[in-house]
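The values are calculated or read from the model by the stated rules, or taken from the named source; none is laboratory data. From a predicted model like this one, the values you see are computed outputs, not experimental measurements. Here the Cβ positions follow ideal geometry from the backbone for every residue, glycine too, while neighbour counts run over all protein chains shown. We work out accessible area using only protein heavy atoms, side chains counted, and drop any ligands, DNA or RNA first. Shrake-Rupley method; radii C 1.70, N 1.55, O 1.52, S 1.80 Å.
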Amino acid sequence: MSTILRTRIIRIGNSQGIRIPKNLLEQSNLGDEVELEVQADQIVIRPAHHARQGWDEAFSRMAEQGDDRLLDADLATAAAWDEGEWEW
């Protein structure tokens, strides 16, 4: 069941905003940082997704499955050759 409340847009410094009641914030689990998106005649507020979120867990699973090996092993050999043979 959704909750509908009416509120006013207020001035906040040079911007405008709304106050979101505590019970709505608790129900939404938004956290401290959000993303805003305009869709037609609506402003959608959702929790902010951080870049690379979940990467640690994904890399751990890859290592457990042995799927974290170097795909271009020949490049490591080529780099060693470059270091030894080239004169700068």
Along the Cα→Cβ direction, 7 angstrom out, place labels at Asn29 and Ile9. What is the inter-label distance in nm? 3.1
Loop-located GluC sites (Glu not before Pro) in region 1-56 whose Cβ has at most 15 other Cβ within 10 Å (DSSP): Glu33
From the phi angles alone, apply the Karplus equation (6.51, -1.76, 1.60; θ = phi - 60°) to region 16-32 and give each ³J(HN,Hα) in whole Hz, x where the residue is Gly or Pro. 10, x, 10, 9, 9, x, 4, 5, 5, 4, 5, 5, 8, 6, 6, x, 8
Compactness of region 1-55 as Cα Rg over 2.2 N^0.38 Å, two decimals: 1.34
Per residue, what accessible area does region 1-57 have, given a 1.4 Å probe and all protein chains present, in Å²? 100
The answer for the net charge of residues other than Gly31 whose Cβ lies under 15 angstrom from its Cβ, with Lys and Arg +1 and Asp and Glu -1, is -2
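When the accessible area of region 4-43 is split by element with a 1.4 Å probe, what percent falls to carbon and sulfur? Each step should come with its number before you reach the end.
Values: 1960 of 4060 Å².
Reported share for carbon and sulfur atoms: 48 percent.
Calculate the dipole size of region 1-71 relative to its Cα centre from +1 charges on Lys and Arg beta carbons and -1 charges on Asp and Glu beta carbons; express the result in debye to the nearest 20.
Details: 9 positive and 11 negative charges, 123 e Å.
With only Lys, Arg, Asp and Glu charged at Cβ, the dipole is about 600 debye.
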Restricting to DSSP loop positions (anything but H, G, I, E, B) with no more than 16 other Cβ atoms inside 10 Å of their own Cβ, which trypsin sites (Lys or Arg not before Pro) remain in region 1-39? Arg6, Arg8, Arg19
